[in-house]
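Below is one structure, written out as structure tokens; the observations come after it.
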Amino acid sequence: MKTTPAQYNRFKRNVEAWLKEFGLTGWNVVFRHGGLDDKCVRAQTEYDMENRQAEFKFNKEHDVAGSRNEIEDVQELALHETLELLLAEMEEIGLRRTYDEYHMSAASHAVIYRLIRFIKRTNAWPNHDKRVRRKD
């Protein structure tokens, strides 16, 4: 079964929102409904680190309508593909194996700082300083 334009648009809107949430705004982003030969792949992210270009593909041939929750499934796909881009620099460094410890540490800290900003901005910051009183 083919995915619908509405599902593709939901995917695109959600990726755009996550890109903004994680501060991944320095990328030239392109979206495509299709372009995947493997029907088992629901979505895919391709990127070019040097040119800061990313392409998000949403498979036309994958059946998301039969999933447990179609809307949640598409939203989760969008988050998954955005996280692929969030980790792209670390993956690139690992694959090239020409970078040193400094570069890997810088890339991992860039991810950490983005996640901290996201957690603070979304009020997901836990208050571990509250004293928990046990009830006896």
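Note on segment 69-83: residues that are of a type in the set (D, E, K, R) and over 15 Å from Asn59 (Cβ atoms) total 1.
Considering only segment 126-134, I want to know if a residue exists there that is surrounded by 14 or more Cβ atoms within 10 Å (Cβ to Cβ) and either at pLDDT 70 or above or among the charged types (D, E, K, R) (or both). Please lay out each step first, then the result.
Narrowing segment 126-134 to residues surrounded by 14 or more Cβ atoms within 10 Å (Cβ to Cβ): none.
Taking every residue of segment 126-134 in turn, none turns out to be surrounded by 14 or more Cβ atoms within 10 Å (Cβ to Cβ) and either at pLDDT 70 or above or among the charged types (D, E, K, R) (or both).
The values are calculated or read from the model by the stated rules, or taken from the named source; none is laboratory data. Quick caveat: nothing in here was measured; it's all calculated off a predicted structure. Heads up, the Cβs are rebuilt from the backbone with ideal geometry, glycines too, and the neighbour counts pull from every protein chain shown.
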